[in-house]
Amino acid sequence: MSAPRLWLVRHARPEVAPGLCYGRLDVAADARHSRESARLLAQALPPRLAALHHSPLQRCELLAQDLLALRADLASKAEPRITEMDFGQWEGRAWNDIARADIDAWTTRFVHHAPGGGEPLAAMLTRVSAALDEAAAQAHAGGGDVVWITHAGVARCVHWLLTHGAARMPLSHEWPQSAPGYGAWTTVLLPLKGRPQAAPARG
């Protein structure tokens, strides 16, 4: 029997201006795109899940609601640990308007610096790592896959943790760039012991 999977589903296209910094900023998602993403996801998901969680931000909550409207057998719970990074005072500002010196300060101390006075990457990795461990336990206790409706930053955290573990911290140039597109997903395996292993699958 194959190991259960964690589905990393990214919210639908956000309604924000190009080049805007948004992480914890609670922006809306395109309603039509969210419904279409939910339709594809509802068809792709297995008939039985161990757990379904969504980020509390409205762009993820909307996709969760759209999915539940199509899959009455499912229920989703808000999970704060899979929320996007908090960029503090940078939230809602154009990246081009943020001082170069402030960006450089972040990339120099990439893990421990709090961009915009928000959340350091080290803190985000810690919360995502704890949620990842819990997902593995849920998957094996429940005998099925776990689904997260979440954000690109969380998916990148998972990728880092799967590749390097929680002990090794990244430098800025090592940080994963790939993530699911808006409304798309990727999956990783959740073995009973040790860290999950990457499984290249996406929708």
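The values are calculated or read from the model by the stated rules, or taken from the named source; none is laboratory data. Model, not experiment: these values are computed from the prediction. Here the Cβ is made from the backbone with ideal geometry for all residues, glycine too, and neighbour counts use every protein chain on show. To get the accessible areas, we keep the full protein, side chains included, count just its heavy atoms, and leave off ligands, DNA and RNA. Shrake-Rupley method; radii C 1.70, N 1.55, O 1.52, S 1.80 Å.
Could you tell me whether A29 is among the small types (G, A, S) and either out of contact with any Lys or Arg (no Cβ under 9 Å at 6 or more places or on another chain) or buried (at least 22 other Cβ atoms within 10 Å of the Cβ) (or both)? Yes: the conditions hold for A29. Listed by first and then second residue, the pairs with beta-carbon distance under 6 Å, at least 6 apart or on different chains, first residue in the range 46-62 and in a loop (DSSP other than H, G, I, E, B), second open to solvent by less than 30 Å² (accessible area, probe 1.4 Å) and modelled with pLDDT under 95, are R48/G144.
Can you pull out every residue in the range 99-144 that is under 19 Å from C157 (Cα atoms), assigned to a helix (DSSP H, G or I), open to solvent by less than 20 Å² (accessible area, probe 1.4 Å) and in contact with a helix residue (DSSP H, G or I) (Cβ under 7 Å, 6 or more places away or on another chain)? Those that are under 19 Å from C157 (Cα atoms), assigned to a helix (DSSP H, G or I), open to solvent by less than 20 Å² (accessible area, probe 1.4 Å) and in contact with a helix residue (DSSP H, G or I) (Cβ under 7 Å, 6 or more places away or on another chain): P115, M124, L125, V128, S129, A131, L132.
Considering the range 1-26, the residues that are under 23 Å from A141 (Cα atoms) and touching a Leu at 6+ places or on another chain (Cβ under 8 Å) include one that is surrounded by the most Cβ atoms within 10 Å (Cβ to Cβ), namely V9. Condition first: at pLDDT below 95 and either of a type outside the set (A, V, I, L, M) or open to solvent by 40 Å² or more (accessible area, probe 1.4 Å) (or both). Can you find one or more residues in the range 47-55 that meet it? The answer is yes, given that some residue of the range 47-55 is at pLDDT below 95 and either of a type outside the set (A, V, I, L, M) or open to solvent by 40 Å² or more (accessible area, probe 1.4 Å) (or both).
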